[in-house]
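K.L.:
Here it is, the structure in full.
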Amino acid sequence: MCYLCFFLLVLVVLVGISFFTLLERSVLGYSQGRSGPNSLGYLGILQPMGDAIKLFSSESMRPIVSNYGIYLFSPLMGIFLSLIFWMSYPFFFNLSIFLFGLLYFVCVSSVSVYAMLASGWSSNSVYGMLGSLRGVAQTISYEVSMLIILMSVMFMSGDFSFVGLVLSQDYAWFGIFMFPLMLILLSSFFAETNRSPFDFAEGESELVSGFNIEYSGGGFAFIFMAEYSSIMYMSMVFSLVFLGASMETFLFFFNLVLIMYLFVWIRASLPRYRYDSLMGLAWKIYLPVSLNIFVFFMMISFVLLIFILLSKANKSV
């Protein structure tokens with residue numbers, strides 16, 4: 001039954017990816033004063049199907065000097081890792097709840113960087129290799145502050161599951177009294193997914209197309225399906241960690257779509273960061289701030305634990 005639930009969830013995610021691309025193209029067109037997709041179907045609603053048919057029916061080019069096995073395997077690895085993110089999604093109707101959802105998210109996000117590295121390296125292209133090295137460096141750098149922020153949340157909630165996070169925010173959202181950490185985590189998610197203004201792995205102005213420069217057809221489609229699936233999942237994680245809405249409420253889905261829209265809005269609004277500023281932001285600002293706030297919340301959790309133990313001891317006496 002659990003496998004069937006996960007299979008249905010993957011189908012829903014893939015459909016969501018297609019319409020997320022339609023949302024992004026429409027928002028970008030509106031923000032730039034031009035019309036987005038509006039011809040194929042009513043209001044362009046069939047445009048994602050047309051894009052998918054075109055991409056998967058296009059010829060996939062094979063670079064002569066590439067490491068062809070890894071070159072073919074790395075996009076499949078990327079889409080596979082982005083989809084198994086969703087195994088931590090709790091299925092309430094058959095009581096299948098992942099007890100260590102946050103730890104699972106951190107582990108899979110750490111491994112997913114290898115798909116980008118393999119894509120750039122196996123292409124044997126200078127642009128592809130530079131783009132993958134940039135992406136790996138920024139992903140590893142921002143994973144440090146992301147992990148520290150999630151540890152702060154774990155200390156305050158006392159739970160590793162997404163359900164426990166929601167239950168611990170019944171009276172106040174973590175985003176209210178962890179507002180600086182909320183902003184740091186949001187920008188860290190931008191860097192983790194290689195989105196503007198941190199899209200250095202695909203810097204068109206310097207690297208033509210970055211780590212995916214040699215890909216076309218199905219391989220190109222898998223790479224960007226993995227990116228959009230990761231954006232959707234990280235939007236869900238952000239909504240559960242800091243906005244505290246239960247998954248069976250309308251507010252949860254509203255928060256999810258709002259964070260996804262924010263990814264698109266930031267892309268339409270902000271120019272690309274400088275690379276040295278990106279790394280300085282991670283190591284000189286985000287890391288010290290998140291560490292100090294982590295120590296603060298850790299001390300608060302220890303004080304609360306001692307207070308609870310003393311109160312239980314007094315009641316027993």
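The values are calculated or read from the model by the stated rules, or taken from the named source; none is laboratory data. Computed from a predicted structure; not experimentally measured. Note that each Cβ is placed from the backbone with ideal geometry, even for glycine, and that neighbours are counted across all protein chains shown.
K.L.:
Give me a count of the residues in the stretch 12-45 that are of a type in the set (Ser, Thr, Tyr) and over 19 Å from PHE263 (Cβ atoms).
P.N.:
3
K.L.:
Could you name every one of the helices (runs of 4 or more DSSP H) located completely within the stretch 119-186 that has at least 2 residues being in contact (Cβ under 8 Å) with a residue 24 or more places away in the chain, farther than 26 Å from THR249 by Cβ and under 22 Å from the mean Cα position of the chain (by Cα)?
P.N.:
Output list reads 126-157.
K.L.:
Still on this model: I'm checking my understanding of the structure. Among residues of the stretch 1-59 that are within 30 Å of PRO90 (Cβ to Cβ) and polar (S, T, N, Q), which one is surrounded by the fewest Cβ atoms within 10 Å (Cβ to Cβ)?
P.N.:
Result: SER18.
K.L.:
Given the condition in contact with a Pro (Cβ under 9 Å, 6 or more places away or on another chain), touching a residue at least 24 places away in the same chain (Cβ under 8 Å) and under 16 Å from PHE198 (Cβ atoms), answer yes or no: does some residue in the stretch 239-255 qualify?
P.N.:
No, the stretch 239-255 contains no residue that is in contact with a Pro (Cβ under 9 Å, 6 or more places away or on another chain), touching a residue at least 24 places away in the same chain (Cβ under 8 Å) and under 16 Å from PHE198 (Cβ atoms).
K.L.:
Out of the residues in the stretch 153-163 meeting the condition of being touching a helix residue (DSSP H, G or I) at 6+ places or on another chain (Cβ under 6 Å) and over 20 Å from PHE296 (Cβ atoms), tell me which one is surrounded by the fewest Cβ atoms within 10 Å (Cβ to Cβ).
P.N.:
Only one residue tops the list, namely PHE160.
K.L.:
Any idea which of LEU83, LEU99, LEU72 is at pLDDT 80 or above and either within 23 Å of the chain's Cα centre (by Cα) or on the phi > 0 side of the Ramachandran plot (or both)?
P.N.:
Among LEU83, LEU99, LEU72, only LEU83 is at pLDDT 80 or above and either within 23 Å of the chain's Cα centre (by Cα) or on the phi > 0 side of the Ramachandran plot (or both).
K.L.:
Given the conditions (1) at pLDDT 85 or above; (2) in contact with a helix residue (DSSP H, G or I) (Cβ under 9 Å, 6 or more places away or on another chain), and given that SER301 satisfies all but one, which numbered condition is not satisfied?
P.N.:
Every listed condition holds for SER301 apart from (1).
K.L.:
Only one of LEU240, LEU167, LEU181, LEU262 is of a type outside the set (Asp, Glu), surrounded by fewer than 22 Cβ atoms within 10 Å (Cβ to Cβ) and farther than 24 Å from TYR30 by Cα. Can you tell me which?
P.N.:
LEU167
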